[in-house]
1. With the requirement that a residue be in a helix (DSSP H, G or I) and either open to solvent by less than 20 Å² (accessible area, probe 1.4 Å) or closer than 10 Å to Pro78 by Cα (or both), what does region 4-19 give you?
2. Which pairs do you get when a residue that is free of Cβ contacts under 8 Å to residues at least 60 places away in the same chain, found in region 43-55, comes within reach of a residue that is open to solvent by 60 Å² or more (accessible area, probe 1.4 Å) and not in a loop (DSSP other than H, G, I, E, B), reach meaning Cβ atoms under 8 angstrom, with the pair 6+ apart or on two chains?
3. Return the pairs, sorted by first residue and then second, in which the second residue is more than 13 Å from the ligand (Cβ to nearest atom) and among the β-branched types (Val, Ile, Thr), the first residue lies in region 1-25 and is without any contact (Cβ under 8 Å) to a residue 60 or more places away in the chain, the beta carbons are less than 9 Å apart, and the residues are 6+ apart or on different chains.
4. For region 45-151, please list each of the strands (runs of 3 or more DSSP E) lying entirely inside it that holds at least 3 residues being within 16 Å of the ligand (Cβ to nearest atom), among the hydrophobic types (A, V, I, L, M, F, W, C) and surrounded by 15 or more Cβ atoms within 10 Å (Cβ to Cβ).
5. Could you list, in sequence order, the residues of region 1-29 that are under 20 Å from Ala131 (Cβ atoms) and away from the ligand (no atom under 12 Å from the Cβ)?
Amino acid sequence: MADTAHVLVLNGPNLGRLGVREPEIYGHASMADLEREADGWAAELGLTVEVRQTDDESQLVGWLHEAVDTRSHVVLNPAAFTHYSYALRDAAAQVTTSGLLLVEVHLSNPASRESFRHYSVVAGIATGTVAGFGFDSYRVALSALSHRLQD
Ligand code: DQA
C-alpha cells in the first residue's frame, strides 16, 4: 500500500484575520476552525495535512520549497499574492513541475469581485483551482487531490 500522502495547506497574508476580517465576504470562522476542519477531512480522505498561515511572502516561498524537498502536495490560498507575486508563482511552479499536486483555493470568488482580483499569476502553473465556496473550497481541493492521487 502506498505511503499516506502529506499535504501542506498554505495560506497567505491577512488570512490569519479570518472571522474578524470582512466576515460578509470571508465568513465568521477562524483559521483555527479551518485547521480543525481540515484535520477531519484529511482523516476521512486518508491524507495527513498541516495548515499554516503567514503574512510574509518569503516565508510562503520557503514553505513551497519545503513541499518540494519533503514531497508534500500543496493546497495554496495565496490571498493578495495571487494577483501579483511572481516570486510565489515561480516557487509554486517548482511544486507542480516536480510531479507534486498544487491546488489553488480561494474562499471568495475573485472573478466576481474587483477587477484587480480577476487575474491569478498562480493559476497557470496550478494543478487546478477551487474558488467561491468558503471553507468548502479547501474541502473540495483536498478531495480532488486525494482522488487524483488514486488515479
Ligand atoms: C482570497 C481572495 C484574494 O483576492 C484576497 O486578496 C484574499 C483572499 C480568498 O480566499 O477569497 O486575501 O484569496
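The values are calculated or read from the model by the stated rules, or taken from the named source; none is laboratory data. Remember, it's a predicted structure, so these values are computed and weren't measured experimentally. Neighbour counts run over all protein chains shown; Cβ positions are idealised from the backbone, glycine included. Surface areas here come from the heavy atoms of the whole protein model, side chains and all, with no ligands, DNA or RNA. Shrake-Rupley method; radii C 1.70, N 1.55, O 1.52, S 1.80 Å.
1. Within region 4-19, Leu15 is the sole residue that qualifies.
2. Val51/Glu35
3. Correct list of pairs: Thr4/Thr48.
4. The qualifying strands (runs of 3 or more DSSP E) are 73-77, 102-106.
5. Val7, Leu8, Val9, Gly19, Pro23, Glu24, His28, Ala29
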